[in-house]
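Following: one structure in structure tokens, then a few remarks.
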Amino acid sequence: MACTIQKAEALDGTRVMQIIWHDEEESLYPAVWLRDNCPCSDCYLDSAKARKLLVEALDVNIGIKGLTFDRKKCQYWGSELQLPTLDFEDVLRYDEHAYKWLSTLKKVGIVRLTGASDKPGEVSKLGKRIGFLYLTFYGHTWQVQDKIDANNVAYTTGKLSFHTDYPALHHPPGVQLLHCIKQTVTGGDSEIVDGFNVCQKLKKNNPQAFQILSSTFVDFTDIGVDYCDFSVQSKHKIIELDDKGQVVRINFNNATRDTVFDVPVERVQPFYAALKEFIDLMNSEESKFTFKMNPGDVITFDNWRLLHGRRSYEAGTEISRHLEGAYADWDVVMSRLRILRQRVENGN
């Protein structure tokens, strides 16, 4: 949530730039630090990623004459979302389209790619496009379809409530890719919600609930056999903040929330009340966006920001719904985004 600037100004007589974020939080940037970190070609050697400006040449009493700021920001949304859509093959072939894909993914949190085949292997192509995929205990890629004795609730036909994937890991995957290979005729609709937007609403409507969910450690667990046998456990705050109090990640999956809850007894009921209000906000008609994937669609989304779910569908005598999924790490995605930005700007 730290990426939305509401106001920027130079404070009179202080040699400091003030940034006011969307939630009224304040950040201050001294002019001398800004000067020291100027990225222009005279002050910074881009090929070496190193500072050229010498301390001897630094005016430690420098001030700020005026400023403007780039108003690009994270775009929060609810049911009014216009789902960003690009062509799958264009993203694979052209840097401009790949750059638009990843920059939109960073800004909006979700992008739909259309025109992929109805065969497995398409998410692996996207993994190669950005660098590599994120290996988990479910493999480099995994198949979402109803299975007998399913080792994950996603591998059933029932409704999936809003969740993020893999909070049982200490470092949950940052980006999720889902390719629709086969879709059921009735049911199986996808539901998504902008978790950062919901956090903003919760903080405004009930600051105490926000404080509880952003300060209480919750246990998550996942045990089973897939790519290999596994037994993982972690503790996360459902709303994870950075050191400035900005939301940076949502960690929540009710299916893998452990029975262990290591908090004083008097804090249990307030926690559940806060969690219930958070989930009620997610499920409000104004917050959630519903759509149905078609064969050949690939949905790519921010697993730290968005929570996703699925409506139930009826099982038949054969598999009626089949998705192939994979994960990517934000470090890998952001690395590719920076490289693509440079290529596009340089016209390569």
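The values are calculated or read from the model by the stated rules, or taken from the named source; none is laboratory data. Keep in mind it's a predicted model, so treat the numbers as computed, not measured. Neighbour counts are summed over all protein chains in view; Cβ atoms, including those assigned to glycine, are modelled from backbone coordinates with ideal geometry.
Applying a threshold of 7 Å to beta carbon distances and a minimum spacing of six or more residues, or different chains, the list of pairs starting in segment 18-41 at a residue that is within 19 Å of D242 (Cα to Cα) and ending at one that is in a helix (DSSP H, G or I) and among the charged types (D, E, K, R) reads D23/K203.
Could we say that N206 is under 30 Å from Q75 (Cβ atoms) and surrounded by fewer than 16 Cβ atoms within 10 Å (Cβ to Cβ) here? In short, no.
Of the residues making up segment 206-251, those that are in contact with a helix residue (DSSP H, G or I) (Cβ under 8 Å, 6 or more places away or on another chain) and either outside any strand (DSSP E or B) or more than 22 Å from H308 (Cα to Cα) (or both) number 8.
Closer than 30 Å to W142 by Cβ and either crowded, with 16+ Cβ neighbours inside 10 Å or without any contact (Cβ under 8 Å) to a residue 12 or more places away in the chain (or both), is that true of V198? The answer is yes for V198. In segment 61-75, of all residues being more than 14 Å from V16 (Cβ to Cβ) and surrounded by 10 or more Cβ atoms within 10 Å (Cβ to Cβ), the one that is modelled with the highest pLDDT corresponds to Q75.
Take the residues of segment 130-173 that are out of contact with any strand residue (DSSP E or B) (no Cβ under 7 Å at 6 or more places or on another chain) and modelled with pLDDT of 85 or more: which is surrounded by the fewest Cβ atoms within 10 Å (Cβ to Cβ)? Ranking the qualifying residues of segment 130-173, first place goes to H171. Residues that are under 22 Å from the mean Cα position of the chain (by Cα) and surrounded by 15 or more Cβ atoms within 10 Å (Cβ to Cβ) were ranked within segment 1-40; the one that is modelled with the highest pLDDT is W21. The set of residues from segment 165-191 being part of a strand (DSSP E or B) and not acidic (D, E) comprises V175, Q176, L177, L178, H179, C180, I181, K182, S190.
Within segment 274-297, being exposed (fewer than 13 other Cβ atoms within 10 Å of the Cβ) and in a helix (DSSP H, G or I) holds for K276, D280. Is segment 74-83 home to any residue that is in contact (Cβ under 8 Å) with a residue 40 or more places away in the chain, polar (S, T, N, Q) and not assigned by TED's automatic domain parsing to the domain that holds L11? Yes - at least one qualifying residue is present in segment 74-83.
Here is the figure for segment 327-348: residues that are within 27 Å of G121 (Cα to Cα) and not in a helix (DSSP H, G or I) total 3. If I filter segment 304-317 for residues that are in the same structural domain as D165 (by TED's automatic domain parsing), of a type in the set (V, I, T) and surrounded by 14 or more Cβ atoms within 10 Å (Cβ to Cβ), do I get at least one hit? No - not one qualifying residue is present in segment 304-317.
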